[in-house]
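Reading through the structure tokens given below for one structure.
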Amino acid sequence: MLAEIGLVSLALAFALAVYATLAAVTSRVRRNPALLYSGRDAALLTFPALLLAVGALIAALMSEQYQMSYVWSVTDPQTPALYRFTALWGSQRGSLLFWSLLLSLFIFGAISLNWRSERRLMPYAIATMMATLAFFLGLSLFLENPFERWWIIPDLPEAEQVVETALIPPGAVAPEPGSLANTATGLNPLLRHFGMIIHPPMLYLGFVGFTIPFAFALAALLSGDLSTGWIRATRRWTLIAWIFLSLGLILGGRWAYDVLGWGGYWGWDPVENAAFLPWLVGTAFIHSVMIQEKRGMLKTWNMVLVIATFSAVMFGTFATRSGVIESVHSFARSEIGFPMLAFWSVMTLIAASALLWRRGRGELQGEHQFANILSRESLFVLNNVIFIALFAAIFWGSFGLPIVSELFLGVEVTIGPATFEFYTVPLFIAMYLLMGIAPLSAWGATSLRRLGSALALPLALTLLCVALLVVSGTSVIVALAGYGVALFAGFVAIYEIFRGARARRRGGGEGWFGATAALFRRNQRRYGGYVVHLGVTVIGIGVIGSTIFQTEAQYTVARGDSVVVRDYSLRFDNYFRAQAVDGRMMNIAEVTLSRHGEPIAQLRPRIDDYPQMPMTIAGAHSTLENDFYVLLIGGSVERATFRIYINPLINLVWWGGILLILGTVIAAYPKVVPAARSRKREVAES
Amino acid sequence: MSFSALNESIAGDMADLSWEKPKNLQKAKRSERYKFLVGGVLILLAVLYLLVSGTLQGARYFITVNDVVSDRAYLGKTVRISGAVDGETIDYDSENAIIRFEIVNIPGEFDDLASALRDALADAEAARLQIVVEDEAMPDLLQHEAQAILTGSLEADGIFHASELLLKCPSRFEETSPEGLSAIPEHSLAGSE
């Protein structure tokens, strides 16, 4: 029954999406507003339809309907309830359906919130969004259907009796439920972690979110309404998508750090890079769109960035899910590769042609010229150049080089993490430097003297901190330079907030707290942006510390004995086996961790024996200064082998991530003032 | 961007430029444009240099076990290889953190990695290669029928010394593994009769 409900609502959503696409385009071509209303309603209805479909799949997962092959492949009778639920995105078919649900949720929001204000963009915006949704729903319906069931057709020869289909084949009987339950596969143990519970949904939200800016941009290009409307409609959606994508990337790193047990969080794997690429272009867009808003410049460039972001999302999805690119993220090689590649190229081609056409007609002329190389707009362009260079380098290393070499040399050439670092470290340094200088420059033109005086204090603070680091014993030049550059960007952000608050205090007699709060309220995007910069600074410091100063060592210890690593010591106390609730056996070592001779924690690194594989679960003692991280490699009651990692400052990566998200939320948070008034004021301001 | 370019722009002090003075704007534009052009070209060259030199240094061929075993040109060169892990050969020296195992050549073209790995291991004639990875924790995924992707070099001792080890276990997690699945409902058919 659940399979039927799911299948029918999935088919309904697909039909609605196709209809909405056609109705929206026709309404524009035939100038028929009634058709647009109808298309809009169909578009809005895809969301409840998909909610029902996903609800049916979740209900099937929770109620152990193993006849449904998806349920059979991702859960087994031992799977706890929480992981039954998250199994929705545990594998390709479910996650594709979930992806569509999130896309339709975004579309629902975009249409409801922007319907009145951006009516003229709606026909093509709805068409673009719905075409994208229809494509993904088509994949779910025809190629990766999560509602397929196991059937047995007794009349066929024995080898062909078992089929997996969505519709009941003639003469089929249902398999016996008990035996299905016995053979069910269960969720990959690597995915049983809180990072995996929220990482995929966040990443998907980020990915699908970029469909909205793309749809409005394409609508502007196709309809010729290239006023600021599309920017107004998209900038908040871009920020929202960006929040989720950032969160997805950070949680993915956290998952890798906790679960994969190599003490790192970013491995430059092609699939990780595929998710990072849209983030880079999206970040470039978030910055350069401000220039268009303030100065009416870079109109073509912003279109390029919006299109490139969406294009990168689609390419990333293709790369991740088709299985064509060699990666540790093992999605099965699947049939959806070619349709995805086709959809990606068609959408990119349509958007690029529309852009060239409008540009050719001179409709994307800037209102100002770049007058000064130190002006804020010039520095923003430089920022864009750096993000695009990062994009190009990472794309080249992950996809360009392997594909080109395979085509022209007949052998695949790849690069490793070291080369990615070689590419990107200089660019990241340039990014931090610009993050420090650009906020202090002025629109139009900046004199070097003014810039110099603004830079003095942050620069002095940075030098002071670096000097303190040297005094406290840090002697690695690379690390000092890295800390310096990151700190500089952070001090500038703080200094800017301080300057703004000080000016308000002088003007209005507010206290520091009141002045700062008012400052953030008045210009959310600017000051939210500085909080994001602070977050990026904190992340940078964490990355530098944990990369350059990581300690890694392996010891075999007899029971009762201790080993000393840096100022920590680890005593092996006990070793035993125990059984978990779901039946798996756990091999547990008990160790006592001491620092400077004082016991600080009892840790229990362990190895869990899952049916598919053993899984190493680290024992960790975490402080802001260090993560002490111990893996049990193997052992017995007498002796055990441990691998120890000390990762300095790594927690700053996660805390910086939280700051970054917080800052973006501030920037994207809807203004409290009524909509009409705020718009008038914005117009007056620009 | 060169420093002299920056100084020039300050000497000109563009601060008094405004949009109402188109003549000034035109004039300033040309010299500024020149700076933008020079700056842009310099940045482009720097990025290209980064990419080209990085690629030349770090590029390594991604080849098969057959290639590395049969072609002496690869001896001692850092390459990336992929092979099927033979579970019986896995040996971990936990005191010294040294992993040893053997991999078997996987034929170039295949549809389904899980069965390709199984077939490769069943083929007694397939090329084999001894692997050693030093100073590494024993990876959970290192087991029979895993695909190992290794970076390292084949040394004169005939052993491939790997510095990087990635593993994939398709047979354990891939949701559509036809051979694995066909058995299930047959069971259930027997159960229902």
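Below is a table of values for the structure above.
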| read-out | value |
| --- | --- |
| Some residue of region A:154-164 being more than 30 Å from A:Y629 (Cα to Cα) and in contact (Cβ under 8 Å) with a residue 24 or more places away in the chain | yes |
| Those helices (runs of 4 or more DSSP H) lying entirely in region A:172-239 with at least 3 residues in contact with a His (Cβ under 9 Å, 6 or more places away or on another chain) | A:177-183 |
| Any pair with Cβ under 8 angstrom, 6 or more apart, that starts in region B:72-89 at a residue that is under 12 Å from B:L165 (Cα atoms) and of a type in the set (S, T, Y) and ends at one that is open to solvent by 20 Å² or more (accessible area, probe 1.4 Å) and not in a helix (DSSP H, G or I) | B:S82/A:E326; B:S82/B:F62; B:S82/B:T64 |
| Filter result for the condition that a residue is farther than 17 Å from A:I658 by Cα and aromatic (F, W, Y), over A:W255, A:W242, A:W230 | A:W230 |
| Of residues in region A:157-171 being of a type in the set (V, I, T) and either in a loop (DSSP other than H, G, I, E, B) or over 39 Å from the mean Cα position of the chain (by Cα) (or both), the one surrounded by the most Cβ atoms within 10 Å (Cβ to Cβ) | A:V162 |
| Candidates A:L226, A:L205, A:L180, filtered to the one that is open to solvent by 10 Å² or more (accessible area, probe 1.4 Å), among the aliphatic types (A, V, I, L, M) and farther than 27 Å from A:R28 by Cβ | A:L205 |
| Failed item in (1) within 11 Å of chain B (Cβ to nearest Cβ); (2) outside any strand (DSSP E or B), with A:L631 passing the rest | (2) |
| Any chance A:L96 is assigned to a helix (DSSP H, G or I) and open to solvent by 10 Å² or more (accessible area, probe 1.4 Å) | no |
| Qualifying residue in region B:70-86 (condition: on the phi > 0 side of the Ramachandran plot, modelled with pLDDT of 90 or more and not in a strand (DSSP E or B)) | yes |
| Matching residues in region A:29-47 - criterion: being part of a helix (DSSP H, G or I), farther than 14 Å from A:A134 by Cα and open to solvent by 60 Å² or more (accessible area, probe 1.4 Å) | A:V29, A:P33, A:A34, A:Y37, A:D41 |
| Failed item, numbered, when B:Q143 is tested on (1) more than 11 Å from chain A (Cβ to nearest Cβ); (2) touching a residue at least 40 places away in the same chain (Cβ under 8 Å) | (1) |
| Flag if B:K35 is open to solvent by less than 70 Å² (accessible area, probe 1.4 Å), charged (D, E, K, R) and modelled with pLDDT under 90 | yes |
| Residues of region A:517-526 that turn out to be open to solvent by 30 Å² or more (accessible area, probe 1.4 Å) and either part of a helix (DSSP H, G or I) or under 10 Å from A:G656 (Cβ atoms) (or both), as a count | 6 |
| Residues satisfying the stated conditions in region B:90-115, i.e. without any contact (Cβ under 8 Å) to a residue 40 or more places away in the chain and either surrounded by fewer than 18 Cβ atoms within 10 Å (Cβ to Cβ) or outside the structural domain of B:G158 (by TED's automatic domain parsing) (or both) | B:D91, B:D93, B:E95, B:N96, B:I98, B:R100, B:P107, B:E109, B:F110, B:D111 |
| Evaluation of A:F391 against (1) away from every other protein chain (no Cβ under 13 Å); (2) under 30 Å from A:A134 (Cβ atoms) (one fails), failing number | (1) |
| Filtered residue count, region A:300-309, keeping only those that are crowded, with 21+ Cβ neighbours inside 10 Å and under 18 Å from A:H368 (Cβ atoms) | 2 |
| All positions within region B:41-92 that are within 17 Å of the chain's Cα centre (by Cα), under 23 Å from A:F420 (Cα atoms) and of a type in the set (A, V, I, L, M, F, W, C) | B:L51, B:L56, B:A59, B:F62, B:I63, B:V79, B:I81 |
| All strands (runs of 3 or more DSSP E) inside region A:527-610 with 3 or more residues being touching a residue at least 12 places away in the same chain (Cβ under 8 Å), open to solvent by 20 Å² or more (accessible area, probe 1.4 Å) and out of contact with any Leu (no Cβ under 7 Å at 6 or more places or on another chain) | A:551-558, A:568-579, A:585-595 |
| Count of residues meeting criterion [hydroxyl-bearing (S, T, Y) and open to solvent by 30 Å² or more (accessible area, probe 1.4 Å)] in region A:5-22 | 1 |
| Residues (open to solvent by 30 Å² or more (accessible area, probe 1.4 Å) and more than 12 Å from chain A (Cβ to nearest Cβ)) located in region B:116-140 | B:R118, B:D119, B:L121, B:A122, B:D123, B:A124, B:E125, B:R128, B:Q130 |
| Search result, residues across region A:244-286 that are among the β-branched types (V, I, T) and within 14 Å of chain B (Cβ to nearest Cβ) | A:V259, A:V271 |
| Candidate set from region A:137-166 (those that are touching a Gly at 6+ places or on another chain (Cβ under 8 Å) and of a type outside the set (A, V, I, L, M)); member that is farthest from the other protein chains (Cβ to nearest Cβ) | A:F147 |
| Scan of region A:188-222 for residues that are more than 24 Å from A:G316 (Cβ to Cβ) and within 14 Å of chain B (Cβ to nearest Cβ), ordered by number | A:P189, A:R192 |
| Every pair of residues 6+ apart whose Cβ atoms lie under 7 Å, when the first sits in region A:334-355 and is within 16 Å of A:F142 (Cβ to Cβ) and open to solvent by less than 60 Å² (accessible area, probe 1.4 Å) while the second is at pLDDT below 95 and of a type in the set (S, T, N, Q) | A:S334/A:Q92; A:S334/A:S322; A:I336/A:S322; A:G337/A:S322; A:M340/A:T317; A:M340/A:S322 |
| Any chance A:T547 is modelled with pLDDT under 95 and closer than 30 Å to A:L662 by Cα | yes |
| Region A:333-380: number of residues that are within 11 Å of chain B (Cβ to nearest Cβ) and of a type in the set (A, V, I, L, M) | 4 |
| Yes/no for B:V79 being open to solvent by 40 Å² or more (accessible area, probe 1.4 Å), of a type in the set (A, V, I, L, M, F, W, C) and either touching a Cys at 6+ places or on another chain (Cβ under 6 Å) or more than 7 Å from chain A (Cβ to nearest Cβ) (or both) | no |
| Of all residues in region B:49-69 being under 12 Å from B:S153 (Cα atoms) and outside any strand (DSSP E or B), the one that is nearest to the other protein chains (Cβ to nearest Cβ) | B:V68 |
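The values are calculated or read from the model by the stated rules, or taken from the named source; none is laboratory data. Please read these numbers as outputs of a predicted model, since none were measured by experiment. FYI the Cβ positions are ideal-geometry reconstructions off the backbone, even for glycines, and counts take in every protein chain you see. Only protein heavy atoms, including side chains, enter the accessible area calculation; ligands, DNA and RNA are left aside. Shrake-Rupley method; radii C 1.70, N 1.55, O 1.52, S 1.80 Å.
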